[in-house]
Amino acid sequence: MKKDAYHEYLQSDEWKSRQLLCLQRDGYRCRICNAAEALEVHHRTYERIGQEDPDDLTTLCDKCHRLYTEKAIGPGETVILHEAIKDAYHCLDFRKQRGENEYDGISSGFSDLDNLTAGFQGSNLILLASRPSVGKTAFALNIARHAAVEKALPVLFVSLVHTRVELADRLLCCQARIDSHRLRRGHLSHEDMVKVFAAGEILTAAKLLIDDTPAQGLLRIAANARRLKREIDIRLIIIDSLQAIDPEDRRGSRQEQVANISRRLKYLARELEIPIIVLAQLNRSSEDRQDHKPRLSDLRDSAPLEQDSDVAMLLHQEFWPEAPEDMMTLTVAKQRNGPTGEVSLTYAKQFMRFETFMPEHQGGFSDL
């Protein structure tokens, strides 16, 4: 019997019935209260959801199983409204003491975007989506570099698409402003090498952690995030990309798998109280429109992503006749607690670098 079919069989009513017959025949009793009736077979390691050992079994009656699960889940945390109001006043006092261009969230490094979002807020799931090869990984790395280098915050970048060397190359090009194609070919001048080494010293001092383990499931990503939160208090997680996360449960449709992943990412953001940015791909629908502008409905397996995200950002290139070739638009298509809008950006693809679009500086971004 194949492995997947075997595990499905272990969850079936037929398997449970056979186990119960064996228990009744052999005179088994509840492991906790010693009762001989209303017995059920359960995996002993409840905490390892999705990783249970099929042979690691115990026997509980209905009553003890209910008590066990209630204790494991624990009571919900409830507060009276005036306590929540006090917390809101405390946050308001903190915000009033900030400068005009300071935010309580994590700054993206792009002033227009920060004005819309007030920074990436803790406990938020932020979706960054685009068509392939538009630049969403480069944009995400720009955010990670700004947070880790400019703001000195610990950042975790989980890459299921690119290797750590590819990401390091992109970061070096972005920091040093050198041509990425020349770096890949190794055709760098002495001046370029000086820039690369200077950029490397700056990046090395940053707490930017890269996990490029391929075919990861969310269970492993979450466990690593919790460990790093305890050890170094990471402040931002970026995952590239959602469609590449390996689903632990392969039963059901792809949309159901994506719904499970996005929902658990939202729970993880709330648990760690930090923003999580997850990258995703758009389908081809936008290419059939005259303006080529993407919409939330263009998300692959869109319904769960649209529902679970607190902020949804769509990155695309402008195609109107007078638009500069390096002009990009980031559309904040959804924001639970703030306005939506568009942010104009400049993308120097040779440097893998984004900057706020400034019409008066067109053509002056080539080699600063």
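The values are calculated or read from the model by the stated rules, or taken from the named source; none is laboratory data. The shown structure was predicted, so the numbers you read here are calculated from the model rather than taken from an experiment. Cβ sites come from the backbone with ideal geometry, for glycine too, and all protein chains shown count toward neighbours.
Some notes on this structure:
- Residue within segment 312-326 that is at pLDDT 85 or above and either closer than 21 Å to Arg145 by Cβ or not assigned by TED's automatic domain parsing to the domain that holds Ser159 (or both) present: yes
- The set of residues in segment 237-248 that are at pLDDT 90 or above and either among the polar types (S, T, N, Q) or buried (at least 21 other Cβ atoms within 10 Å of the Cβ) (or both) comprises Ile237, Ile238, Ile239, Asp240, Leu242, Ile245.
- In the set (1) within 23 Å of Arg145 (Cβ to Cβ); (2) part of a loop (DSSP other than H, G, I, E, B); (3) touching a residue at least 60 places away in the same chain (Cβ under 8 Å), the condition left unmet by Arg251 is number (1).
- Hey, Glu306 part of a helix (DSSP H, G or I) and closer than 17 Å to Gly341 by Cα or not: yes
- From Arg284, Arg251, Arg263, residue being surrounded by fewer than 20 Cβ atoms within 10 Å (Cβ to Cβ), over 19 Å from Phe120 (Cβ atoms) and touching a helix residue (DSSP H, G or I) at 6+ places or on another chain (Cβ under 6 Å): Arg263
- Qualifying residue in segment 184-201 (condition: surrounded by fewer than 19 Cβ atoms within 10 Å (Cβ to Cβ) and touching a Gly at 6+ places or on another chain (Cβ under 9 Å)): no
- Single condition Ala269 does not satisfy, out of (1) among the small types (Gly, Ala, Ser); (2) under 23 Å from Lys151 (Cβ atoms); (3) in contact with a helix residue (DSSP H, G or I) (Cβ under 7 Å, 6 or more places away or on another chain): (3)
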